[in-house]
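The values are calculated or read from the model by the stated rules, or taken from the named source; none is laboratory data. All values reported here derive from a predicted model rather than from experimental measurement. Ideal geometry is used to build each Cβ from the backbone, glycine not excepted, and the neighbour counts take in all protein chains shown. With ligands, DNA and RNA removed, areas are computed over all heavy atoms of the protein, side chains included. Shrake-Rupley method; radii C 1.70, N 1.55, O 1.52, S 1.80 Å.
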Amino acid sequence: MTAISERRRILVGGQWTTPVSSGLLGVVDPATEELLASAPDCGAADVDAAVAAARAAFDSGVWSDRPVAERLEVLAPLAGSYAAGVDDLSRLVTAEMGSPATFSSLAQAAAPAHMVTTLLELAAQHPWEERRPSATGGTTVVRRVPVGVVAAITPWNIPQVVIVAKVLPALVAGCSVVLKPAPETPFDAYWFVELLEDLGLPSGVVNLVPGGPDTGRALAVHPGVDKIAFTGSTAAGREIALACAPRFARVSLELGGKSAAVVLDDADPARTAAGLRFASFLNSGQACAAQTRVLVPRSRRSEFVDALVAEVESLVVGDPTDPVTEVGPMVTSRQRDRVAGYVELGLAEGARVVAGGPGRPDGPERGWFVRPTLFDGVDPGMRVAREEIFGPVLCVLDYDTVDDAVRIANDSPYGLAGSVWTADRARGLEVAGRVRAGTLGVNHYGADFASPFGGFKASGLGREYGPEGLDEFVEFQSIGLLG
Ligand code: NAD
């Protein structure tokens with residue numbers, strides 16, 4: 001197993017160097033509340049050094065000017081080395097942020113491994129350079145050229161999925177990268193950067209500066225950064241977009257969500273509730289795309305609520321390293337307090353707790369646990385129905401007609417994801433298409449790495465995954481040829 005070990009160096013210009021900043025990020029195991037290890041908390045001088053190294057590598061053309069096919073040849077062994085490490089990776093992420101082991105092996109490790117393979121395959125078929133007949137005569141060569149120096153700023157909840165979705169397409173496109181992982185999860189970023197190092201990329205093409213929000217802020221305003229690729233909260237995304245605007249730095253933002261599961265009147269209650277057991281509580285509810293508003297037809301409300309209560313009450317909460325655990329601890333005490341605060345708020349707003357509720361779950365004596373909670377009688381105007389809670393808390397809202405359901409689903413500042421549950425797939429597709437969100441599922445929710453993922457409205461800008469995710473790291477350049 002990859003033990004988590006103390007880290008004191010950062011990767012800048014191909015060298016593991018001691019940072020200028022003496023600050024440290026202490027990472028605490030959320031299940032035991034014990035300090036695991038620490039990693040550097042980089043300051044502005046470290047960011048300057050990393051950006052300068054990335055800039056020098058990019059401007060030299062040592063990677064950016066190489067033909068895509070050559071870059072892909074260098075990157076190809078990553079598929080094998082990543083896949084070989086998934087068991088270690090899964091345990092590492094569970095230790096860092098408390099994701100339940102069974103979910104971790106699937107989504108924190110196997111999924112990013114699958115993403116590596118998918119993105120490399122898509123990149124091999126991507127139209128990096130096309131020749132088109134010009135509308136005014138002659139030929140136009142349309143090229144996808146690297147956007148430049150990319151700063152990747154990432155969250156703790158699915159740390160590898162979001163890192164791979166940025167760093168790999170950026171490298172394929174010919175960019176240089178400065179990666180700043182979340183302060184809660186620096187260690188899996190080291191794990192990934194060490195795999196990249198083994199590929200023999202030129203010095204300065206990949207740089208690693210762990211740190212907190214201030215490290216991210218230093219990257220966002222840095223004149224040497226051409227593009228920020230960010231995943232995290234909507235509040236931080238807004239700040240980053242504003243920091244990028246004066247210099248027109250490119251920015252892509254994968255932000256928060258409050259996704260609606262629209263349950264149609266022909267859906268089977270038991271099957272729907274069983275599907276939502278995963279789609280709403282995945283990663284202990286700490287998932288941007290979690291289906292957290294369940295919209296049920298008023299005529300069958302009690303059947304759906306009863307089925308959901310049975311699922312929520314039987315969720316296994318506890319030690320995240322135990323393979324039977326479905327809901328682990330919240331990532332930090334701050335996050336635990338936030339989720340617990342929303343449970344209290346829901347009660348104060350007049351929603352009814354029908355499963356779970358305030359307080360600690362039975363069982364674990366330590367760790368930042370909350371009880372998986374189901375609220376019924378939720379009004380669309382309540383804060384628990386509008387704000388992202390980011391924990392195992394589910395709200396049931398009822399509706400009269402499908403038009404009503406669509407209106408309630410769309411009555412949200414967010415538009416990241418959603419789902420429709422029905423016995424009729426065609427009807428499900430039609431209703432899903434009316435929801436203003438970036439990814440939806442009929443009778444399930446799950447992302448597809450070959451198709452674009454991202455948000456409408458306050459859920460973000462731009463797309464990751466699929467060919468669209470590769471294009472986030474290019475500028476389009478048209479060269480007209482005459483004669
Ligand atoms: P966060 O916004 O607090 O932090 C995310 C990253 O940004 C961290 O690395 C943090 O250090 C850095 N950061 C924070 N403030 C910053 C600032 N002002 N300038 C620059 N960098 C800054 O988010 P989090 O708590 O780590 O993650 C949870 C959030 O991420 C949730 O809102 C969730 O919905 C969202 N998320 C979205 C997606 C998606 O694909 N849409 C995926 C995962 C998580």
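Assorted remarks:
- Computed per residue of the chain from DSSP H runs no shorter than four, each worth -39500 (n - 2.57), the mean residue ellipticity at 222 nm is -11000 deg cm²/dmol.
- Excluding same-chain neighbours fewer than eight residues apart, the aspartates and glutamates reachable from K457 by a Cα-Cα span under 19 Å are E239, E254, E387, E388, D411, E468, E472.
- Radius 9 Å from Cβ of W421, net charge of other residues (Lys, Arg +1; Asp, Glu -1): 0
- The alpha carbon radius of gyration of region 259-448, expressed as a multiple of 2.2 N^0.38 Å, is 0.96.
- Solvent-accessible area of the chain (1.4 angstrom probe, protein heavy atoms only): carbon and sulfur portion equals 54 percent.
- To the nearest ten degrees, helix 187-197 and the longest principal axis of the Cα atoms of the chain are 30 degrees apart.
- Segments 365-376, 11-22 sorted - mean Cβ within 10 Å per residue, highest first: 365-376, 11-22
- The modelled label-to-label distance between E130 and D59, using points 7 Å beyond Cα along the C-beta direction, is 3.3 nm.
- Each peptide among 185-191, 381-387, 23-29, 106-112 gets the average number of other Cβ atoms lying within 10 Å of its residues, and from highest to lowest they stand as 185-191, 106-112, 23-29, 381-387.
- Figure legend: label point modelled 7 angstrom from the Cα of V20 along Cα→Cβ; residues of region 204-221 with amide N under 14 Å from it are 215, 218-219.
- Backbone N within region 65-83 under 12 Å of label point (7 Å from D198 Cα along the Cβ vector): 77-83
- Modelled FRET efficiency - R0 45 Å, R298 with L35, Cβ distances, 0.05 increments: 0.35
- Available extension along the chain between E387 and S81 is 106.2 nm, counting 0.36 nm per residue and deducting the alpha carbon span.
- Percent RCO, i.e. relative contact order, over region 334-483, from Cα pairs under 8 Å lying at least 6 residues apart: 14 percent
- From most to least packed by mean Cβ count within 10 Å, the peptides 194-203, 394-403, 342-351 give 394-403, 342-351, 194-203.
- Global form of region 276-341, assessed from the alpha-carbon gyration tensor, a/c cut-off 1.5: prolate
- D266 versus E344: modelled label distance in nm, points set 7 Å from Cα along the beta carbon direction: 4.6 nm
- Entry note, the chain: relative contact order of 18 percent, from Cα contacts under 8 Å with a spacing of 6+ residues.
- In the context of the full set of protein chains, residues of the chain present 38 Å² of accessible surface per residue (probe radius 1.4 Å, heavy atoms only).
- Once the C-beta distance of N410 and D448 is scaled by a Förster radius of 30 Å, the resulting FRET efficiency is 0.85 to the nearest 0.05.
- Under a model in which nothing but the beta-carbon of Lys, Arg (+1) and Asp, Glu (-1) is charged, the chain shows a dipole of about 1120 debye around its Cα centre.
- Of the chymotrypsin sites (Phe, Trp or Tyr not before Pro) found in region 242-283, those that fall in a DSSP loop while having at most 13 other beta-carbon atoms within 10 Å are F248.
- Cut-off 17 Å, label 7 Å out along Cα→Cβ of T140, residues of region 458-483 by amide N: 475-483
- Long-range Cα-Cα pairs in the chain (distance over 35 Å), rounded percent: 33 percent
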